[in-house]
1. Mind telling me which of the residues 82, 48, 52 ends up being basic (Lys, Arg) and more than 22 Å from the chain's Cα centre (by Cα)?
2. Evaluate the following for residue 37: is it at negative phi, outside any strand (DSSP E or B) and open to solvent by 50 Å² or more (accessible area, probe 1.4 Å)?
3. Output yes when any residue across the range 78-91 is touching a Pro at 6+ places or on another chain (Cβ under 7 Å) and outside the structural domain of residue 29 (by the TED database), and no when none is.
4. All but one of (1) touching a helix residue (DSSP H, G or I) at 6+ places or on another chain (Cβ under 8 Å); (2) open to solvent by 100 Å² or more (accessible area, probe 1.4 Å) hold for residue 27, so report the exception by its number.
5. Could you list, in sequence order, all residues of the range 41-94 that are surrounded by fewer than 10 Cβ atoms within 10 Å (Cβ to Cβ) and modelled with pLDDT of 95 or more?
Amino acid sequence: ARCQCKLTPRERRNCGYPGISAVECRKAGCCFNASVPGVPWCFAPKPKRVRKVCPNDSYIRINCGFPGITARDCERRGCCFKSHPAGVPWCFYHRIVEE
């Protein structure tokens, strides 16, 4: 993503070889910016930022518990708990989303 390439020149970590083209750099999964002399033009992107969220759609829940599990026991497992609607898991795993 473009935002992963927004680094100050001093933050850049070399990701290519001398004379690498923008096309070859990007093919390698790196960022390319030749506007600042004396720093790497082909550089490693920032790591992706992710966070865990409890899904709102009850029909995509993946069961993390067992029938009758309490909210407290569910949360001790590191899972989400919502005791409605009927017929879907009430204790379920988080989803990982990119920011």
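The values are calculated or read from the model by the stated rules, or taken from the named source; none is laboratory data. If you're wondering where the values come from, they're calculated on a predicted model, not measured in any experiment. Heads up, the Cβs are rebuilt from the backbone with ideal geometry, glycines too, and the neighbour counts pull from every protein chain shown. Areas reflect the complete protein model, heavy atoms only, side chains present, ligands, DNA and RNA absent. Shrake-Rupley method; radii C 1.70, N 1.55, O 1.52, S 1.80 Å.
1. Working: 48 fails: more than 22 Å from the chain's Cα centre (by Cα); 52 fails: more than 22 Å from the chain's Cα centre (by Cα).
Matching residue, one of 82, 48, 52: 82.
2. Working: at negative phi: yes; outside any strand (DSSP E or B): yes; open to solvent by 50 Å² or more (accessible area, probe 1.4 Å): yes.
In short, yes.
3. Start the filter on the range 78-91 by keeping residues that are touching a Pro at 6+ places or on another chain (Cβ under 7 Å), which leaves none.
No, there is no match, as no residue in the range 78-91 is touching a Pro at 6+ places or on another chain (Cβ under 7 Å) and outside the structural domain of residue 29 (by the TED database).
4. (1)
5. 72, the sole residue that qualifies.
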